[in-house]
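The values are calculated or read from the model by the stated rules, or taken from the named source; none is laboratory data. Note that this is a predicted model, so its numbers are computed, not measured. We place every Cβ from the backbone using ideal geometry, glycine too, and count neighbours over all the protein chains shown. We work out accessible area using only protein heavy atoms, side chains counted, and drop any ligands, DNA or RNA first. Shrake-Rupley method; radii C 1.70, N 1.55, O 1.52, S 1.80 Å.
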Amino acid sequence: MNVGVQLGIINGVAQSEVTRETYWGISSTGYALFYLLTVITIAVFVYGVYQRFSRYTEGEDDPFARLDDLPRRIVTAAKIALSNEQNFDRDLYAGLMHSFILWGFLTLLIATSILAFDDYAYNLLVGGSFWVGDFYLAYQFMVDAMGLLFVVGIGMALYRRYWVRNERLWGRHTSNEDDIFIWTLFGLGVGGFALEGLRIYATGMPDHEVVSFVGYGLAMVLGAVNLPLAGEPGMNLAAGVTGENLHWLAWWSHSLLAFFFIAWIPYAKPFHMLSSFANVVARDEQAGKRLPNVPADLDATNAESIDDFTWKELLDQDACTKCGRCSAVCPAKASGRPLDPRNVILDLKQYREQLDAGGEEHAIVADGGTSAIDAETMESCMACMACMDACPVEIEHLQSFTRLNRQLTDQGDVAPSMQDVFQNVMQNGNTFGNSPRNRADWADDLEFELTDARNEQVDYLWYVGDYPSYDDRNKRVARSLATILQAADVSFGILFEDEKYDGNDIRRVGEEFLYVELAGHHVETFEDCAFDTIVCTDPHSYNTFANEYPEVDFEEFADDPMMPFDYDEQWNADGAIDVLHWTQAIEELVADGRLDLDGTELDYTVTYHDPCHLGRYNDEYEAPRDLIRATGCELVEMPRNREDSFCCGGGGGGLWMDFEEEPKPSEERLREALEDTTAGSGVEKFVVACPMCMTMYEDGRKTGGYEDAIEIVDIAELLVEAIGADAQAKLGVTAD
Ligand code: SF4
Ligand code: SF4
């Protein structure tokens, strides 16, 4: 009989007959037992959830507003969760798989809730049932369709986990709970259909049940194998295998599995269904690019005890689904450094749970020994934010990592080379340890004078930065940028010896007090100058000026003799002062025709590397690309571009530390440029927009054997070349 005929028959049946008995085949004793188990299951579930959330309240307050504007947060989180947008990112298979499972699971949950409402609210208050007729048919059809999607999703997950053995799904924290979780879901999905098929078969295959197309199909199979409907008195055991008996068995198996699953949710991996949603609700949209402020209270500790972590950091640990996306994109892990971001989050969780179970307390992070996290692990982090960008449940790794780094710095567990950097900054105000008086020597080769922004009003207050000021290779970039600004005929000036290191990266290594000192110095200096916009050469300076200096409340340090600031407010809290990366400023000038470029000046084939602090941190992807195209160069993209960019290895203090790496992140990136772009080895120039990237890639070019294969250039150098040799000569730029 085809479906059209079936539906015709259904339409001919009285609406009230189009339904089914909810507890068909279950005795009154079974019914009572079922409700006893329901009550126990709900009690175990509620207690577990209560325990979890009450544990979070033992964490410290979080420095950022996490639950303000709650309705908006919940709606946004629901959109993120339902769309699965993060799961689709870079992985269509995982996106589809998770969507099928989530949408299927939610539909089945809603369907069960509707049924419960019909039975226990509607029936009691109104009498009768609305689960009849057309509603019943639509309900059954949806449940089958979405249930099928759910089973397909689970099948995809099983295939990927056990057949393909996708590497990122397996790690140090993979355990039985991962297997139990996925197989229980599989059992619930497949068992639900088996139960439905047996019920339809054992109740004589009512015609209207054809809408339950999966269950009906299974019932037809049972009919095809001539399964007896019900047993006869005096049958032997084998003859007891009947539709009715199997339905009874399936009903109880399915119910017991569901009870187990619900009760288990708060105690293991399935808890991510609640905690990860809560985590998305409580996310800080600026996480990572602005770190929590250093507490003015000198007695405050960082990560001496697990209770130093904020409630959000504890929630982060429980929200982790072990998906391994963060590990898969981590450049530190890829280059063999001893860091796996997933493991750090889960090690912290494991340590907390051991303590809660009465385990022995020991150092959370230290140099070797029995600490939960090893110092070397934390030193390995480049603060590139790739892990946070990849995480589908908005775990803010860098919040916890900075806490751990602050603890290491407090303990003095810092690499000697990093201690030298701290010393240099303390004594000379720059990471090189050079004299502050030499800070603007790079400009000596220019034929024009630079304006002293401390004495004259300028449009652009140009913060040059440490590397462009002191490092020979980057001095060439500084001179190129000065040339461009001069050629565009804008008013700009620098701070000369009043410019110090911006502090962005030592902050990420945990040296917060020195950072506050530097911020205070710069804010006081900025306040004494007259300018419209701050322009930065280095994306790291740009990030910290734009996102972090405005967060420092200098009043909090008013009583601290070590921080004698004249300034006692929050600088630029209203965002009135524009802070730009230089590419953003010059892009506007190029668009205004101020550099006389017609887009045909150069004909190199180039690729561009998005610096983490400009791209992922601050979402600026187009300005650098627009400038490259404005020179006439052909820009070919590397596979990992924009927010998927792969760190050069220099962030988070990596620039100043030595690691055993194979390959170095910079070498891997140069390989990508020469092998994985559409132009392949035809790429002539590897274009950067960050002094740290320049340093790391010039190094990687040598150590990786790429010296003859590719050249590293800053966008500023391309622009100067495009402006023309005559203009360069006129403006006094020298090649070195
Ligand atoms: S910030 Fe970058 S280097 Fe650090 S753990 Fe995350 S991905 Fe790895
Ligand atoms: S931290 Fe996020 S990305 Fe990493 S394993 Fe956990 S859930 Fe996945």
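So the values come out like this:
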read-out	value
Residue-wise HN-Hα coupling along the range 284-295, computed from phi with Karplus coefficients 6.51, -1.76, 1.60 (Hz; x: Gly, Pro)	9, 5, 9, 4, x, 6, 10, 8, x, 5, 5, x
Kirkwood estimate for the range 374-516, i.e. one over the average of 1/r between Cα atoms, Å	17.2 Å
The range 153-218 and the range 518-593: distance between their alpha carbon centers, rounded to Å	56 Å
Theoretical FRET efficiency, 1/(1+(r/R0)^6), r = Cβ-Cβ of Y267 and A32, R0 22 Å, to 0.05	0.25
Cut-off under 5 Å, modelled amide H: who pairs with I373 long-range	V365, A366
Inter-label distance, nm, simple model (7 Å from Cα along the C-beta direction), D297/F260	4.7 nm
Potential extension, F141-Q570 segment - 0.36 nm per residue separation minus Cα distance	148.5 nm
Extension gain, L274 back to W163 (0.36 nm per residue minus Cα-Cα distance, nm)	37.1 nm
With DNA, RNA and ligands ignored, accessible area of R507 (1.4 Å probe; Å², nearest 10)	0 Å²
Interatomic Cα distance distribution for the range 102-178, bins of 5 angstrom, percent	3, 14, 16, 16, 12, 11, 9, 7, 6, 5, 2, 0
The range 271-411 - Debye-derived log10 I(q)/I(0), Cα point model, q = 0.14 Å⁻¹	-0.62
Whole-angstrom gap from the range 494-513 to the range 453-485, using each part's C-alpha centre	16 Å
Chain lengthening between L82 and A43 when straightened (0.36 nm per residue, less Cα-Cα)	11.2 nm
Spin-label pair L249/V126, simplified geometry with 7 Å Cα→Cβ offset, distance in nm	4.0 nm
Model label zone, I74; criterion: amide N under 20 Å from point 7 Å along Cα-to-beta-carbon; scope the range 291-318	312
For the chain, fraction of C-alpha pairs farther apart than 53 Å, in %	26 percent
Rounded FRET efficiency, nearest 0.05, which uses the C-beta distance separating D179 from D61 and R0 of 45 Å	0.75
Cα-projected label distance for L92 with E662, points at 7 Å along beta-carbon direction, nm	3.6 nm
Inverse mean reciprocal Cα-Cα distance (Kirkwood Rh) of the range 369-419, Å	12.0 Å
Cα-derived Rg over Rh, computed across the range 485-554 with Rh taken as Kirkwood radius	0.99
Amide H contacts under 5 Å for H581, placed H, 5+ residues apart	C536
Sites V225 and W170, calculated FRET efficiency, Cβ-Cβ separation with R0 56 Å, nearest 0.05	0.90
The range 235-297-the range 329-399 distance, computed between alpha-carbon centres (Å)	25 Å
Fraction of beta bridges assigned by DSSP in the chain that are antiparallel (%, nearest 5)	5 percent
Helical segments meeting 30 Å axial Cα length and Kyte-Doolittle 1.0 threshold in the chain (DSSP H)	92-117, 133-158
